[in-house]
1. Any idea which of (1) polar (S, T, N, Q); (2) modelled with pLDDT of 90 or more; (3) under 23 Å from Leu328 (Cβ atoms) is the one Thr199 doesn't satisfy?
2. Given the condition open to solvent by less than 40 Å² (accessible area, probe 1.4 Å) and over 27 Å from Thr504 (Cα atoms), answer yes or no: does some residue in segment 446-459 qualify?
3. For segment 460-487, which residues satisfy the criterion of being surrounded by fewer than 21 Cβ atoms within 10 Å (Cβ to Cβ) and assigned to a helix (DSSP H, G or I)?
4. For segment 593-614, give me the residue count where each residue is over 22 Å from the mean Cα position of the chain (by Cα) and either surrounded by fewer than 20 Cβ atoms within 10 Å (Cβ to Cβ) or over 25 Å from Ser439 (Cβ atoms) (or both).
5. Filter segment 498-523 for residues that are part of a helix (DSSP H, G or I) and under 17 Å from Ser433 (Cα atoms) and give the result.
6. I'm trying to understand the selection: among the residues of segment 195-206, which are open to solvent by 50 Å² or more (accessible area, probe 1.4 Å) and either part of a strand (DSSP E or B) or in contact (Cβ under 8 Å) with a residue 40 or more places away in the chain (or both)?
7. Look at Trp562 and say whether it is open to solvent by 20 Å² or more (accessible area, probe 1.4 Å), closer than 17 Å to Cys521 by Cβ, in contact (Cβ under 8 Å) with a residue 12 or more places away in the chain and among the aromatic types (Phe, Trp, Tyr).
8. So Asp189 ticks every box in (1) farther than 22 Å from Asp323 by Cα; (2) open to solvent by 30 Å² or more (accessible area, probe 1.4 Å); (3) touching a residue at least 12 places away in the same chain (Cβ under 8 Å); (4) not polar (S, T, N, Q) but one. Which box is left unticked?
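The values are calculated or read from the model by the stated rules, or taken from the named source; none is laboratory data. Since the model is a prediction, treat every value here as computed from it, not as a measurement. We place every Cβ from the backbone using ideal geometry, glycine too, and count neighbours over all the protein chains shown. Side chains included, ligands, DNA and RNA excluded: accessible areas come from the protein's heavy atoms. Shrake-Rupley method; radii C 1.70, N 1.55, O 1.52, S 1.80 Å.
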Amino acid sequence: MLGLCIVAGLAGCDFPDRYDIETFEKPAPWQSETSSTLTSQSRNSARPSTPEQAFDTADLGGGGVNANSETSRKLSSTPGTSTSNGSPVERDPRLADEWESWQIHSLRSTILGGIHAKSTRDTDDQIRVDLEERGLTYRGMLQILESNQQTFWHDADGNLKKVDCTFRRGPIEFHRNIEVTANEVRFDDDRLITTKRKTLRIDSPLGGPLHVYQTLRRKPLQEGEVRQAKVLLPILGEVANLRLQHNSLASPSVLTREGFQEVVLQEASCLLSLDPERQRESVYWFDDNGDVQLYHVSNEQRFSYGCTETQYELLGREFLQQDAPISLQVPGKPIETEESLLKGDLQQVGYKIVWAKPPAPETVPDPNEADSTNAADKTESENQAFTDQAALAPRQYLQRGKNELQQKLIVSRVAVPKSKLRDRFDQLQTDESPNDLASTSLIDFRSASVRRIANATAGGANFSTAERVMEMNRTVHSLMSFTPLSKGMRAASEIADSSAADSTEQSLLLMALLRSAKIPCRLVLGIRHQGAETISATPDPSLPFQTRRSLPKGNRFVYHAWVMAKADDHWLSLDPVRGGETLPDCLAIEISDMHQVQPIELMEDYISKLSRMQISIYAIVRGV
């Protein structure tokens, strides 16, 4: 499932599908009481009754879509849907299927994401739904950007025909295309260097990922009514049975144009079943027009709120303006202050690392506990065999110590002589291997586009290998505009034909140029200090609700990739984004020769390792 469900925390397009399969396997309240109904179970669901409680138990990754529309809607035939009573209410189908909505997701007083969705009917009377979801999740002290862009095509009757998906988790994104015919569903997954295909047999039309919202808009659920359907879960790659039942009237606190207010709404429970062992219930609150105002997954402390476009832009500024795929706050001595900058260029930085088990995903760190290690986690880590170690990279030295759970790293601007290191520090001592020169699906240095750049790279016959390496680094820097959010892992030939790339892509192109000249090299995944002038502003105190919990004070580091290359019998750290060698504000976390490597798994290993590192800065040396 890795690679298809790594964005499960955000895949809100089909809200039943936004959680990974483990969610369906969790014990649910209704599973232990065979006689209980969806209605009685919904009475036990947590629900917000005040603005404070609403944002103390708000949702991150999925939820209802609020069109904020007073337009009446019409029922048209919905795929796989049956009603237990009543007759359809005739409404204009174009009005029912043309809408635009915004939604904010939050978790315990902190807004972490949101959705913008738009549904239209084209000239061929087909229904198209475009959905864009973006948000932030946490692992340890890491803030990880996740996004989800999907487009769904339905026929005039609402039957799902096609889905195009693009998912991002941190530095990389991947794609999935889905085709639905009368008898089967075909999945095509672009896993960056491989393509995976899957087919499911079906015996009836399928509802789309927004089936609940579409059926309620076409005809609001009546008292005591039950509807059933088969729906596609694009991210899980499954078809599920959906049972929607009207409960009663309720008075939850919802987000209106005037802020939080208690509003009388209709309530419905939805039971989604993959099989008898994997089920989950959710609750929807909707108005008389069928517009969902609030959504909640039972047995979870999460809620989602419909909102206006203005509210979405104000409350979502933190995740909408996030320009780093991964970021973290590093406490300790500040790298950048007005006083420190007057002391000269950065020469050395001392990093302290405490290895610990990270908190569960989707937790919000407490800024008051940023500098402390959870005692229970530390004890558990100490009882386990220690296997983690900070990376050894060029000019990155690991200080030896008695406590393996606490390590110190020194990153220097220039190489430190061995006489000064003595036997107190471990340093990079690795020989080149055939894999450091290999051509791969990503480092395709034999391609015409890479050869074109390689042939154009300046270099004289008298250049040393180190000088050639630096010239290639400057070439990539001059050709590529830096963008922090790109695909993350593309073939070097594709990158060579573009004009913008992130740090990973620029590094892959540089590796292709180096290997075309038979220069050994490896990819380095790490973090880099981000200057204060590029950090987004703090939340606006004038807003009536909190947009994000303040992160602890300290240095902000962001994801960054670069290259280590062997030249003249020693390894160099090259940063094509900078156009020179890396500085001491870059800390290497993971190193790979990219031979027979799955990019998604590599990135997950990097995130997992970094999330277990509690990093602080204990020393800074500046000078001319």
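1. Unmet for Thr199, out of (1) polar (S, T, N, Q); (2) modelled with pLDDT of 90 or more; (3) under 23 Å from Leu328 (Cβ atoms): (3).
2. no
3. Thr465, Ala466, Glu467, Arg468, Met470, Glu471, Arg474, His477, Ser478, Leu479, listed by residue number.
4. Total meeting the criteria: 2.
5. Answer for segment 498-523, where residues must be part of a helix (DSSP H, G or I) and under 17 Å from Ser433 (Cα atoms): Met511, Ala512, Leu514, Arg515, Ser516.
6. Of everything in segment 195-206, those that are open to solvent by 50 Å² or more (accessible area, probe 1.4 Å) and either part of a strand (DSSP E or B) or in contact (Cβ under 8 Å) with a residue 40 or more places away in the chain (or both) turn out to be Thr195, Lys196, Arg197, Lys198, Thr199, Arg201, Pro205.
7. Against the criterion (open to solvent by 20 Å² or more (accessible area, probe 1.4 Å), closer than 17 Å to Cys521 by Cβ, in contact (Cβ under 8 Å) with a residue 12 or more places away in the chain and among the aromatic types (Phe, Trp, Tyr)), Trp562 does not qualify.
8. Exception for Asp189: condition (2).
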